[in-house]
Amino acid sequence: MESFEQLEVWKKARKIRIFVMKVILKLPKEEKYGLFMQSKRSSRSISNNIAEGFGRFHFQENIQFCRVARGSLTETLDHMIIALDEGYISDEDLNNFRHLYSSCLKLINGYIAYLKKAKTGQDS
């Protein structure tokens with residue numbers, strides 16, 4: 001594989017980032033430096049960390065960046081729940097995000113498992 005852009009997990013993280021940006025544009029102006037920026041940063045962090053991990057030379061470093069991406073994914077879910085609780089987004093928006101969240105989480109966990117297996121095979 002030549003680029004992180006070929007990773008299915010990165011492609012899914014990209015879809016989440018695009019989805020979150022569309023959703024947070026609905027937030028009121030008073031949330032510009034609060035929930036808007038936090039959601040924007042955490043959703044970007046998912047794909048950013050997957051890409052950065054891909055660029056590392058050691059499996060363990062890549063795994064660690066994937067764990068950070070997983071944390072950012074879960075943080076983004078919390079931001080979306082807050083947006084729902086504050087009445088800024090609809091139940092449908094949150095449910096659509098939850099679908100993306102679940103599929104991305106499975107891909108991240110699968111990629112981590114793959115990297116762990118590859119690391120073990122390399123050590124042999």
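The values are calculated or read from the model by the stated rules, or taken from the named source; none is laboratory data. Because the structure is a prediction, the values reported are computed rather than measured. The accessibility values were calculated without ligands, DNA or RNA, using every heavy atom of the protein model including side chains. Shrake-Rupley method; radii C 1.70, N 1.55, O 1.52, S 1.80 Å.
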* Extension gain, LEU84 back to ARG41 (0.36 nm per residue minus Cα-Cα distance, nm) -> 13.6 nm
* What's the carbon and sulfur percent of the chain's accessible surface, probe 1.4 angstrom, rounded to a whole number? -> 51 percent
* Structure fact -> Which of LYS15/LYS117; LYS12/LYS119; LYS22/LYS117; LYS40/LYS106; LYS11/LYS117 exceed 29 Å between C-alpha atoms? The answer is LYS22/LYS117
* ILE89's amide H: which non-local residues (gap 5+, or another chain) put their own amide H closer than 5 Å, with H modeled 1.01 Å from N in plane and none for Pro or chain starts? -> LEU84
* Asked: Which of the aspartates and glutamates could a cross-linker bridge to LYS32, judged by Cα under 15 Å and excluding same-chain residues fewer than eight apart?
  -> GLU86
* To do: Compute the Cα gyration tensor for the chain, then decide on rounded, prolate or oblate, letting a ≥ b ≥ c be the square roots of its eigenvalues: rounded whenever a/c is under 1.5, prolate when a/b is larger than b/c in the other cases, and oblate in all that remain.
  => prolate
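For the range 14-101, what is the accessible area per residue in Å² when the probe is 1.4 Å?
Ligands and nucleic acids excluded, the result is 57 Å² per residue.
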